[in-house]
Amino acid sequence: MDPDGRRHAVPAGGRMSHDSIGDLLADMRAGEAALTAAGDARRFFHATYTRTTLAVAGEIERGGFADNDWVRRWDLAFAGLYLSALAADRAGGSVSGPWRVAFDTARERPDLPPVRHVLYGMNAHINYDLPQALLRVIDEAGFEDEVLLSRRLADHRHLDTVLLSRIDAEDEELTAVSPVTLLDRLLRPVNRRATARFLTESRDKVWRNARALDRARRTGAYDIRLAELEQLCAARVRDLAAPGQVLLRLARRGFGVLLPDA
């Protein structure tokens with residue numbers, strides 16, 4: 001159910017929610033196998049996301065968050081948004097603007113380096129889906145409770161630790177499925193540092209956008225503000241997918257987007 005109280009149907013070909021991260025991972029692995037069998041370029045982001053989800057599950061299992069049960073529910077809500085978009089698109093349905101750009105680029109330009117497809121998927125999922133997922137697991141009272149909110153923010157930031165710990169491993173995974181030029185090898189340390197900086201910058205903006213959406217749902221303006229966020233996110237993915245040096249565009253404009261003050 002969305003913050004405005006409307007219940008959405010589960011898209012054909014997938015589930016909107018899962019009962020456990022184990023169920024989620026089983027679904028994601030099945031999806032990865034299907035995308036790989038079809039030669040679908042979306043498999044690169046999907047595989048990266050599956051491995052990241054497994055890493056988050058490991059951190060939850062070892063008790064690495066302030067509220068591990070909350071992070072589990074948040075992780076399930078977050079993944080559900082992506083899987084619903086993927087299932088809807090595979091069934092010929094409509095998807096949000098950011099995912100439309102990412103999915104269409106995978107379909108029309110499958111020969112792009114796998115890291116590019118991972119970047120488009122990450123951008124759509126983090127910038128557009130993550131603020132919505134936060135609102136699904138933090139209600140209005142939660143945003144008013146500063147003590148509770150500080151714990152949520154700490155867990156939100158601790159996820160960066162998990163993501164950053166995956167950068168080298170993911171780089172190796174993508175290198176294994178993509179030709180590597182001499183320039184790629186020379187730029188690898190720069191790309192890894194840039195990825196770390198962009199993820200941290202984006203997560204801060206996500207938190208600010210989630211608070212803006214929370215204020216909007218209290219005044220009945222949630223749909224309007226979400227539409228604004230959708231347009232901003234779609235434009236950012238479209239910009240990243242344009243020909244040219246992606247790293248330079250990221251350096252100029254950043255990875256994340258920020259809702260303007262209402």
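One table, with the values for the structure above:
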{"item": "Scan of the range 24-46 for residues that are within 13 Å of Tyr82 (Cα to Cα) and touching a residue at least 60 places away in the same chain (Cβ under 8 Å), ordered by number", "result": "Arg42, Phe45, His46"}
{"item": "Where Arg29 falls short, out of the listed (1) of a type outside the set (Ser, Thr, Tyr); (2) open to solvent by 60 Å² or more (accessible area, probe 1.4 Å); (3) out of contact with any Ser or Thr (no Cβ under 9 Å at 6 or more places or on another chain); (4) farther than 26 Å from Leu232 by Cα", "result": "(3)"}
{"item": "The one condition in (1) under 25 Å from Ala41 (Cβ atoms); (2) touching a Gly at 6+ places or on another chain (Cβ under 7 Å); (3) modelled with pLDDT under 90 that Ala234 fails to fulfil", "result": "(3)"}
{"item": "Top-ranked residue of the range 220-251 - restricted to ones that are assigned to a helix (DSSP H, G or I), over 17 Å from the mean Cα position of the chain (by Cα) and not charged (D, E, K, R), ranked as nearest to Tyr120 (Cα to Cα)", "result": "Val246"}
{"item": "Any chance Ser96 is of a type outside the set (Phe, Trp, Tyr) and closer than 15 Å to His125 by Cβ", "result": "yes"}
{"item": "Residue among Ala38, Ala57, Ala12 that alone is at pLDDT 95 or above, more than 19 Å from the chain's Cα centre (by Cα) and open to solvent by 20 Å² or more (accessible area, probe 1.4 Å)", "result": "Ala38"}
{"item": "Any pair with Cβ under 8 angstrom, 6 or more apart, that starts in the range 233-262 at a residue that is farther than 24 Å from Phe103 by Cβ and ends at one that is assigned to a helix (DSSP H, G or I) and modelled with pLDDT under 90", "result": "Ala251/Ala194"}
{"item": "Near pairs, Cβ below 7 angstrom, 6+ apart or cross-chain, from the range 134-161 (touching a residue at least 12 places away in the same chain (Cβ under 8 Å) and over 25 Å from Arg62 (Cα atoms)) to any residue that is part of a helix (DSSP H, G or I) and open to solvent by less than 20 Å² (accessible area, probe 1.4 Å)", "result": "Leu135/Ala210; Leu135/Leu213; Leu135/Asp214; Glu140/Asp214; Phe143/Leu149; Phe143/Asp214"}
{"item": "The range 15-26: number of residues that are open to solvent by less than 60 Å² (accessible area, probe 1.4 Å) and at pLDDT below 95", "result": "2"}
{"item": "Positions within the range 65-91 being in a loop (DSSP other than H, G, I, E, B) and either at pLDDT below 95 or out of contact with any helix residue (DSSP H, G or I) (no Cβ under 7 Å at 6 or more places or on another chain) (or both), in sequence order", "result": "Ala91"}
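The values are calculated or read from the model by the stated rules, or taken from the named source; none is laboratory data. On a predicted model such as this, the values are computed, not experimentally measured, just so you know. Note: ideal-geometry Cβ built from the backbone for every residue, glycine included; neighbour counts use all protein chains shown. Surface accessibility is based on the protein's heavy atoms, side chains included, excluding ligands, DNA and RNA. Shrake-Rupley method; radii C 1.70, N 1.55, O 1.52, S 1.80 Å.
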